[in-house]
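Every number here is computed from the coordinates shown, using simple stated rules; none is lab data. Note that the structure is predicted; figures quoted are calculated from it, not measured. In this analysis, Cβ positions are derived from the backbone assuming ideal geometry, glycine residues included, and neighbour counts consider all displayed protein chains.
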Amino acid sequence: MPDRTTTEPTMASANWRIWGALSPLGLTIAVFAFVADQALKWWFLGPFDIAARQPVRVTGFLDLVLVWNYGVSYGLLARDSDLGRWALIALMAGIVAVLVVWLAGTARPLAASAFGLVIGGAAGNIADRVLYGAVADFFSFHAYGFYWYVFNLADVMIVAGVGLLLYDWWRDRRVVGAE
């Protein structure tokens, strides 16, 4: 069985760096994710004017609405002051920095792509907090009287990236276990 530390450093390894062989791939995906998220938010808040038009029924299970999220997922850690807002921005920026380091150490393109999605989505939500003081969310899925949380494209990118990271980890464990 190959020594995995030589091909895929872990966060606990001493091999901390901010640039690796797959950093260009991951960061390119991060930039595209960030730009797509911010462009969609600009359109919803500006030309489309979701605040004046809401709710916009798209289907029987999807509405477009405007919800300002002052916390993190499901409104957790909502802040009531500018100090809280900037503390949350600093925390999220620190997490993004750790993800960039983790991206630099990855040796698998799928993992690098996944990190790019998470980094780009997180950066999009950080930009909202800096620009507006809260994250702009628009998509409201519902069925049979049950409403899921309202989310945005950055959230979709983060969830997709985490899902791909889990799949990549699971696939890697199956390959190593088969040897």
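All other residues whose Cβ lies under 12 angstrom from that of Trp42 are scored, Lys and Arg at +1 and Asp and Glu at -1, for a net of -2.
Shape verdict for region 28-179, please, from the Cα gyration tensor: rounded (a/c under 1.5), prolate (a/b greater than b/c) or oblate. Prolate. Each residue of region 109-125 is assigned a 3J(HN,Hα), and the resulting list reads x, 5, 5, 4, 5, 5, 4, x, 4, 5, 4, x, x, 5, 5, x, 6 Hz, derived from the Karplus form 6.51 cos²θ - 1.76 cosθ + 1.60 (θ = phi - 60°), x at Gly and Pro.
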